[in-house]
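Below is one structure. I have some questions about it.
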Amino acid sequence: MAKASDVKTGNILRFNGELVAVEEYIHRTPGNLRAFYQAKMRNVKTGKLVEYRFRTDEEVEIARVETNDYQYLYEDGDFFVVMDNNTFDQFNIPKHLFGDSARFLKEGMQVLVAMESEEPIMAQAPTTVELEVTYTEPAVKGDTSTNALKSATVETGVEIKVPLFVNQGDKVKVDTRSGDYIERVK
């Protein structure tokens, strides 16, 4: 157990039986009252924001979380199978931990996974990925108005909006957080 004064922004705490990530942690000393720590914490599983005031001498449990790079291997039902690059151990990571970025994962990609005592608690895909366009309509000559976009299907099966000059077989860089086209890759 640690004291509340040992907690820092970014720590993962076990708070009321749940794992929470500390997003904001401020020391306050109001007038003639006792000092306290004001914390904004996000529940790791549900994403719910929790606010709490810790006394300076209050005991808290800081969870031991290990974050590593893993290689995404394949999809297995409700899980993604990833492999540790050093030990070659394989782990099943629930799909919901990746959120919307899961639809852009392709085999062999590096992903970031945080584990607390062998249980995956957070997973993150790369912020940008390079994917090949497998299908798109050809652009019509003369149809070059400003910011004109057309639909394109990439190799993971996701449909995104791309500029008119992108053709089938081109590689494009995509933002996995929003699904937006960034640029064409040479």
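Has segment 54-70 got at least one residue that is crowded, with 16+ Cβ neighbours inside 10 Å, closer than 30 Å to I160 by Cβ and under 20 Å from the mean Cα position of the chain (by Cα)?
yes
Let me ask something additional. Please go through segment 102-132 and pick out each residue that is surrounded by fewer than 16 Cβ atoms within 10 Å (Cβ to Cβ) and either touching a Cys at 6+ places or on another chain (Cβ under 6 Å) or among the β-branched types (V, I, T) (or both).
T127, T128
For segment 1-10, which residues satisfy the criterion of being under 15 Å from R64 (Cα atoms) and either assigned to a loop (DSSP other than H, G, I, E, B) or among the small types (G, A, S) (or both)?
Listed by number, the residues that qualify are M1, A2, V7, K8, T9, G10.
Restricted to segment 71-87, and to residues that are under 16 Å from the mean Cα position of the chain (by Cα) and not aromatic (F, W, Y), which residue is farthest from P126 (Cα to Cα)?
By that ranking, first place goes to V82.
Still on this model: So which of D180, D84 is surrounded by fewer than 15 Cβ atoms within 10 Å (Cβ to Cβ), under 30 Å from I62 (Cβ atoms) and not hydroxyl-bearing (S, T, Y)?
None of the others qualify; the one that does is D84.
Are any of the residues in segment 102-115 under 21 Å from D78 (Cβ atoms), assigned by TED's automatic domain parsing to the domain that holds G179 and either under 26 Å from the mean Cα position of the chain (by Cα) or at pLDDT 90 or above (or both)?
no
Output the residues belonging to segment 49-78 that are in contact with a helix residue (DSSP H, G or I) (Cβ under 6 Å, 6 or more places away or on another chain), farther than 27 Å from R177 by Cα and of a type outside the set (A, V, I, L, M).
F54, T56, E58
For segment 14-41, which positions are in contact with a helix residue (DSSP H, G or I) (Cβ under 8 Å, 6 or more places away or on another chain) and under 19 Å from M115 (Cα atoms)?
Those that are in contact with a helix residue (DSSP H, G or I) (Cβ under 8 Å, 6 or more places away or on another chain) and under 19 Å from M115 (Cα atoms): none in segment 14-41.
The values are calculated or read from the model by the stated rules, or taken from the named source; none is laboratory data. Remember, predicted model here, so these are calculated numbers, not experimental data. Positions of Cβ are generated from backbone atoms using ideal geometry, with glycine treated the same way; all protein chains shown enter the neighbour counts.
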